[in-house]
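The values are calculated or read from the model by the stated rules, or taken from the named source; none is laboratory data. Fair warning: this is a prediction, and the values are worked out from it, not measured in the lab. Positions of Cβ are generated from backbone atoms using ideal geometry, with glycine treated the same way; all protein chains shown enter the neighbour counts. The area values use the complete protein model at the heavy-atom level, side chains included, leaving out ligands, DNA and RNA. Shrake-Rupley method; radii C 1.70, N 1.55, O 1.52, S 1.80 Å.
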Amino acid sequence: MADKPSIPKGTRDFSPLEMARRNHIFDTIRRIFKVHGFLPIETPAMENLSTLMGKYGDEGDKLLFKILNSGDFKSKLSPEELSETPAGRLGTKISEKGLRYDLTVPFARYVVQHRNEIDFPFKRYQIQPVWRADRPQRGRYREFYQCDVDVIGSNSLLNEFELIQIIDEVFQALSLKVVIKLNNRKVLAGCAEVIGAPEQMIDITVAIDKLEKIGLEKVLAELVQKGLSPDSVTKLEPLLKMEGSTAEKLIFLAGFLEGSELGMAGLQEVRTLLAYVEADPLGSEVELDLTLARGLNYYTGSILEVKSAEYAIGSICGGGRYDDLTGIFGLEGVSGVGVSFGADRIYDVLLQLERFPQRGDLDTRLLFVNFGEAEVKHIIPILGRLRKSGIASELYPDQTKMKKQMNYANNRKIPFVALLGEQEIADGMITLKDMETGMQERLTPEQLVERISSAK
RNA sequence: GUGGAUGUAGCUCAGUUGGUUAGAGUGCUGGAUUGUGGUUCCAGAGGUCGCCGGUUCGAACCCGGUCUUCCACCCCA
């Protein structure tokens, strides 16, 4: 026998049950995006490598899936180039395309490319798979879906506020308790400025991010190792020790950031945003979290991240404001803000917490038992009528033992089975069996439609 | 990219110091029950023990490699 067929590492097949559950997530998210006036777009699975490279940092570049050029891709290369070790740079010479790594960069490309057709501010949503050559783990796949909403061409913090509302509405609709974490890149930059190490903002934020995991002492040691002066470390310490409610943190930061124009501006943004949130309180908890750094280097203002309050799996939604993104593609001064829902992780959380709805609207409601050709001719028009009434119904395609047909209905969790055999044909009735109670009743076709419709 | 585990029937898992025909539960097929599923009883099918190589008279078991999945880093959705 040949080797069993398989799929690439980190990819998955989805069964009908899994698809029903995934669609529950996608439908919920899409519905809420639409209600907020966002419009859908799609972009190709593959982009030019020049569009993708350098947008996600060195780490990100390594995680890009590259597509080998078609044809004789090595004909133009010299023997020296071909035998080069390590083969790192060779990759970009034999490949010009790559699979998209996220939806934000392709969106930025889209905006720049179609700038003359777009009405700004442009509110778009996009639900598509992305690919990363990462090492798979729980909640981490090489092919996974992102559900992005972005507003581009508006500086207003009302956009951030709307995204927070969307997050809240989505997770309420999915019955998940989440914590929405909020931070601001300008505040982080201000902190770096105040302690006299503006160049090392990235190092500092990464270190702050690890605070919860490795503790204060190790974070400080790491910072010293990264080249931060002892004086700066001393100045940073009170920030790391900052505790208390969001309101208390704001007061502390107002003092800490004094002297940094950028930092104070960031702080004011946070205050404004929180004031909007207070105007119509959310179901989810919103907190200011300075340890939220986020790796992507294009965020410039607000940073958002959402975690499940009930199940630890990393962030299930994240995003922020990026002032400079379209600048990379030659369109300056267009600010955007957006978030991305991680459908696959949300799936894992819902599954773990058993929060998926019992059954979907599209599941078959009624199965006709197949007794043979003569009976089938009577069933066909009734089946058509049921379907026109929006009742998902089936006729078992083969004339087999009733036991087998009943079993099929049972396994598929079809709630009703209709019997139309010789006896029923004779008196123009249909026998309807309720699979849950086992009760049977005789109905006319009209009554049958009525009965199934009202049973929903 | 670094380190550590894992892989036996469709699924969940046993498997004695390496010793003949590799087991259970569940699911599947058939029968008890020829117009009635879920319960019960009986019977049956289904596995070159992830793959390749090595050690051995002999390997599911020991060794090496490889792939998969999982876990911790890194990073992230």
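Scanning the stretch A:320-358 for residues that are free of Cβ contacts under 8 Å to residues at least 60 places away in the same chain and within 16 Å of RNA strand B (Cβ to nearest atom) returns A:352, A:358. Collect the residues in the stretch A:280-308 that are over 22 Å from residue A:345 (Cα atoms) and in contact with a Phe, Trp or Tyr (Cβ under 9 Å, 6 or more places away or on another chain), keeping them in residue-number order. Matches in the stretch A:280-308: A:297, A:298, A:299, A:300, A:301. Checking the stated criteria, residue A:369 turns out not to satisfy the condition of being within 11 Å of RNA strand B (Cβ to nearest atom) and either among the acidic types (Asp, Glu) or under 33 Å from the mean Cα position of the chain (by Cα) (or both). Can you find even one residue in the stretch A:127-136 that is open to solvent by less than 10 Å² (accessible area, probe 1.4 Å) and in contact with a Leu (Cβ under 7 Å, 6 or more places away or on another chain)? So far as the stretch A:127-136 goes, yes, one or more of its residues are open to solvent by less than 10 Å² (accessible area, probe 1.4 Å) and in contact with a Leu (Cβ under 7 Å, 6 or more places away or on another chain). Taking the condition of being away from RNA strand B (no atom under 16 Å from the Cβ) and either open to solvent by less than 60 Å² (accessible area, probe 1.4 Å) or polar (S, T, N, Q) (or both), how many residues in the stretch A:197-226 meet it? Here the count works out to 1.
Okay, residues lined up against (1) open to solvent by 20 Å² or more (accessible area, probe 1.4 Å); (2) at pLDDT below 95:
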residue	(1), (2)
A:33	no, no
A:51	no, yes
A:64	no, yes
A:80	yes, yes
A:87	yes, yes
A:104	no, yes
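Screening the stretch A:273-353 for strands (runs of 3 or more DSSP E) wholly inside it with 2 or more residues that are over 20 Å from the mean Cα position of the chain (by Cα) returns the ranges A:285-288.
For the stretch A:394-415, indicate whether the set of residues that are touching a helix residue (DSSP H, G or I) at 6+ places or on another chain (Cβ under 6 Å), touching a residue at least 24 places away in the same chain (Cβ under 8 Å) and farther than 30 Å from residue A:313 by Cα is non-empty. Break it down stepwise before answering.
Start the filter on the stretch A:394-415 by keeping residues that are touching a helix residue (DSSP H, G or I) at 6+ places or on another chain (Cβ under 6 Å), which leaves A:395-396.
Now restrict to residues that are touching a residue at least 24 places away in the same chain (Cβ under 8 Å): A:395-396.
After this cut, where a residue has to be farther than 30 Å from residue A:313 by Cα as well, the list is A:395-396.
Checking the stretch A:394-415: at least one residue is touching a helix residue (DSSP H, G or I) at 6+ places or on another chain (Cβ under 6 Å), touching a residue at least 24 places away in the same chain (Cβ under 8 Å) and farther than 30 Å from residue A:313 by Cα.
Can you find a residue that is of a type in the set (Asp, Glu), under 16 Å from residue A:55 (Cβ atoms), in contact (Cβ under 8 Å) with a residue 40 or more places away in the chain and assigned by TED's automatic domain parsing to the domain that holds residue A:55 anywhere in the stretch A:154-171? No; the residues of the stretch A:154-171 include none that is of a type in the set (Asp, Glu), under 16 Å from residue A:55 (Cβ atoms), in contact (Cβ under 8 Å) with a residue 40 or more places away in the chain and assigned by TED's automatic domain parsing to the domain that holds residue A:55. Of everything listed in (1) more than 8 Å from RNA strand B (Cβ to nearest atom); (2) open to solvent by less than 10 Å² (accessible area, probe 1.4 Å); (3) of a type in the set (Gly, Ala, Ser), the single unmet condition for residue A:409 is (1). Residue A:241 satisfies every condition listed in (1) basic (Lys, Arg); (2) within 16 Å of RNA strand B (Cβ to nearest atom); (3) more than 20 Å from residue A:320 (Cβ to Cβ) except (2).
Residue-wise test of (1) open to solvent by 60 Å² or more (accessible area, probe 1.4 Å); (2) part of a helix (DSSP H, G or I).
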{"position": "A:232", "(1), (2)": "no, yes"}
{"position": "A:243", "(1), (2)": "yes, no"}
{"position": "A:248", "(1), (2)": "yes, yes"}
{"position": "A:259", "(1), (2)": "yes, no"}
{"position": "A:268", "(1), (2)": "yes, yes"}
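Residue-wise test of (1) of a type in the set (Ser, Thr, Tyr); (2) part of a helix (DSSP H, G or I); (3) within 22 Å of residue A:363 (Cβ to Cβ).
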residue	(1), (2), (3)
A:386	no, yes, yes
A:409	no, yes, yes
A:433	no, no, yes
A:448	no, yes, yes
A:454	yes, yes, yes
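Applying the selection to the stretch A:36-65, what residues are more than 18 Å from the chain's Cα centre (by Cα) and away from RNA strand B (no atom under 13 Å from the Cβ)? Selection gives A:37, A:46, A:47, A:48, A:49, A:50, A:51, A:52, A:53, A:54. Within the option set A:409, A:418, being at pLDDT below 95, in contact with a strand residue (DSSP E or B) (Cβ under 8 Å, 6 or more places away or on another chain) and over 30 Å from residue A:306 (Cβ atoms) holds for one residue only, A:409. One residue stands out in the stretch A:6-20 among those that are within 16 Å of RNA strand B (Cβ to nearest atom) and farther than 21 Å from residue A:133 by Cα: the one that is least open to solvent (accessible area, probe 1.4 Å), namely A:15.
Evaluate the following for residue A:284: is it in contact with a helix residue (DSSP H, G or I) (Cβ under 8 Å, 6 or more places away or on another chain), touching a residue at least 40 places away in the same chain (Cβ under 8 Å) and more than 21 Å from residue A:180 (Cα to Cα)?
No; evaluated as a whole, the condition is false for this residue.
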